[in-house]
1. Simple spin-label model, 7 Å along Cα-to-Cβ: residue A:39 to residue A:175 in nm?
2. Set the Förster radius R0 to 30 Å, insert the Cβ-Cβ distance between residue A:63 and residue A:217 as r into 1/(1 + (r/R0)^6), and round the FRET efficiency to 0.05.
3. Calculate log10 I(q)/I(0) of the protein assembly as shown for q = 0.08, 0.11 Å⁻¹, where I(q) comes from the Debye formula with a single equal point scatterer on each Cα and nothing for solvent.
4. So how tilted is helix B:2-22 from the main axis of chain B? Cα-based, degrees 0 to 90, rounded to 10.
5. Can you figure out the FRET efficiency of residue B:232 with residue B:159, using R₀ = 25 Å and their beta-carbon distance, to the nearest 0.05?
6. At q = 0.07, 0.11 Å⁻¹, work out log10 I(q)/I(0) for chain A with the Debye formula, treating every Cα as an identical point scatterer and leaving solvent out; two decimals please.
7. Label points 7 Å out from Cα along the Cβ direction at residue A:325 and residue A:240: separation in nm?
8. Please check the range A:243-266 for residues whose accessible area, probe 1.4 Å, is lower by 10 Å² or more when all protein chains are in place than in their chain alone.
Amino acid sequence: MSVEAVPFGGSQQGGSEPAQTRGFGASSGTAGRRIATLLLRGGSLAVFVAVLIVFSVTAPYFLSVGNIGNVLGQSAIAGVLAIGLTVVMIAGGGNVVTGGIDLSLAANMGLSAAVYAALSQAGFGDAVAVAGALAMGLAIGIVNALAITLAGIVPLLATLAVMNVVAGLELVLTQNTVIPATGDLLTLLSGSGPFDIPVLAYVLIGFTLVAALVVQATPLGLRLYAVGEFPEAARASGLSVKPFIAGAFLFSGFCGGIAGILSVSYLSGSTTGAGDLLLPVVVTALLGTVFSRRLVPTVIGTLLSALFVSFLVNGFQLLNLSSTLVSGVQGLLILFVVSATTLLRKQETSA
Amino acid sequence: MSKNEERGLFARREILKWSAVAGVAVAGTTILSGTSAFASAAEGSLKGKRIGISTAGTDHFFDLQAYNAQIEEVKRLGGEPIAVDAGRNDGKLVSQLQTLIAQKPDAIVQLLGTLTVIDPWLKKARDAGIPVLTIDVGSTHSLNNSTSDNWGIGKDLALQLVSDIGGEGNIVVFNGFYGVTPCAIRYDQLVNVVKYFPKVKILQPELRDVIPNTVQDAFTQITAILNKYPEKGSIKAIWSAWDIPQLGATQALAAAGRTEIRTYGVDGSPEVLQLVADPASPAAADVAQQPGELGRTAIGNVARLLAGETLPRETYVPALLANKANVNDVTKKLGIG
C-alpha cells in the first residue's frame, strides 16, 4: 500500500464515523448545531457585507479601486502572519490554551525585518537580504518546532519563551533604533502595480491563493486538519502527528520571514514595536473561523477576517470617526465568536 | 475657545517679552518669524477646507497638546479636521497616511514621526498634489516645518549643564532616538558644546532610551549605571533629548540617594517641571517647548498657504529653558502652573 493511500483513507474514516454515531444519538442536537453554525457563519458574512455596504454608501472614496487596493496592501503584513498562525492552529487544534498557537510570530517579523535592514545597510544586495530574512524566520520556526515536538512544551509557553528571546535579539541587533533600508526590491514592493493598486495587495492575494490551495485542496492539507482535530484517529490511521505539527511551525516561521520583508518595504526599513502586531494577528486568526463552513480555521477565512478588520479601520477614518472605536468593535466581535463557538463545541461534546 | 485664545495671546506676549529679556542668541530671529506667524494666523480662514492631521502618537504631554491644538485651530478657522493618531505604531502611521492621501484633503499636517518611515509617504502625498506641512519633522517634502528652535534648545541646555557641573566631570547620555531630527540636533549641540570643555566626558556606551515604558526603562538603566559608578562625583549629570527619560533617571537618582547628580531634558512635561521646582530634586533643567503654540502655528501656516502666501521653510516657536532659579516663572508663562 502506498504511503499516500493509508492516511488519506484513514483520516476520512476517522472523520465520518463519529459524525454518523452522533447522528443516531442526538439528531435534534446535531440539527440545532447545524442551524447555529449556519447562522453564525451566515451572520458573520452578512455583517461583513453589511459593513461594506454601509461604508460604500456613507464614506467617500470607500468604493474606489485605489482605496480597496490600499486596504488590501495595508492588510498584507498582518494577513501573512495570520495565515501562518492559521496553519499552526489547524495542525495543533483549535484550543487556544493547549492547542496550536504561535506567539512568536510578530517578534519573528520584527527580527527578520531587522536582519533584512541590517544586511541591506551593510551593503549586501536584495538577494542576500531576502535569504537572510527568510532564514531567520525559518530558524525561529525550527526552534519552536523542536521545543514543542522534542521537548514537549505546550505551544503557548514554548512560543511565548521564543517570542521573548527573539524580541531580545532584535533589540541587540537594532539597539532599539530604526534601521532604514532601500533597494530595488523594496521600491518595487512599496510601489503600485497594475490598476494603480499597491504591489503589497497583489502579494497578499498571491500568497493567500497558494496557501489556500495547499491547505484546503491537497492531501497534505487534509492530513493537517486530521492531525489537529482528531490526533488519536490520525495516529490510529498511521499518520505521525509530530512531523505535521513541526512542519506547521516551520511554515509559520517562514511566514514571519516573509512578513519581515514586507514590513521593511512598507516602513522603508526596520522599526521598533513589532510586538504590537501580536494581538491583532491572533485576533485575526481567531476571528477567521467564523468565515468558514464548519467554524474551523481556514486560510480564506483568515484573509476575510484580516480584510474585515482593515476595512473597519479604513472606513472609520474615511468617515472621520475615531479609530479607537475599532478596537472596541473588534473586541466585541471576538467575544461573540469565541462564546458562540465554545457553546457549539459544548453542545457537541455533551451530545 | 475664546478663553483659550486669550490665554494664548497673553502667553505669547509674555513669552516674547521673556525671551527678549533672556537675550538668547537666536532670540532676534525667533521673535521676528514668530510674530509674523502669529499675526497671520489670526487673519487666516479655512472655511470649507478639509485638513488632514496625522500624529505619531498622543501619549506624551507634548504631542497631545500639539495634536489637540491643531484640531481646535482648524475648527476655529472654519475648516474640517481629519485627525488620525497612530498610537506610536509605525505600521498604523503609514496606513493612516496612505488612506489620508486617498481622501485628498486640502492639506496634510504631520506631527512627529521617524523621518525615514514617513518620508516616502509625504512624498506620495506631494506627488498626489496635496500640500504637506510638518511639526517637528525635517522632511524635504514638507513645505513648512513648525518647530522649536532645536539648535537653540540644544545649546541652551548644554551650556546650562556644563556651567552647572563647573565644566568638568562625566555625563551620562540617553541617545536612543538619533533618527528623530529634533533629538539629533539637540544631541549634536551637546557634543558641540562639550567639545570645548575637554574635562567634560560623555560616558560610553551611551544609553538607549525606549518607547514605550520609557520611565521604567530609564530608571532601570540609571540604577545599573549608578551601581557601575558607585563613587559620588564619578557622574556629574544625566542628559536626555526629551524629558521622559529624565523623569525615570531623576526617580532612580532619588531612590539611590545620589541626588548630587543633576538631570537635564527637553519638552516641559508638567511632572518634570514640578521636579525642577523642587529644590531637593536632582532635576536641574528642562527646556519647555510650547506644543499648543506649535500646533496653532502650523494650522495658521496652512491657512496662509491656502490663501496663496509663500511660506518660509521653517517657522520657529520660542522655547523656554526652566532651571531651578526661574522654573516658577516659566510654568506661569506656559500656563501650566
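The values are calculated or read from the model by the stated rules, or taken from the named source; none is laboratory data. Bear in mind that the values here come from a model prediction, so they are computed numbers and not experimental data. Backbone-built Cβ (ideal geometry, glycine too); neighbour counts: all protein chains shown. Heads up: the accessible areas ignore ligands, DNA and RNA and are worked out on the full protein's heavy atoms, side chains in. Shrake-Rupley method; radii C 1.70, N 1.55, O 1.52, S 1.80 Å.
1. 6.0
2. Details: r = 31 Å, r/R0 = 1.05.
My answer for the efficiency is 0.45.
3. After summing over all Cα pairs, the log10 values are -0.69, -1.14.
4. Taking Cα atoms only, the helix is inclined about 50 degrees.
5. The pair residue B:232/residue B:159 has a calculated efficiency of 0.55.
6. -0.31, -0.76
7. Inter-label distance under the simple model: 5.5 nm.
8. A:266
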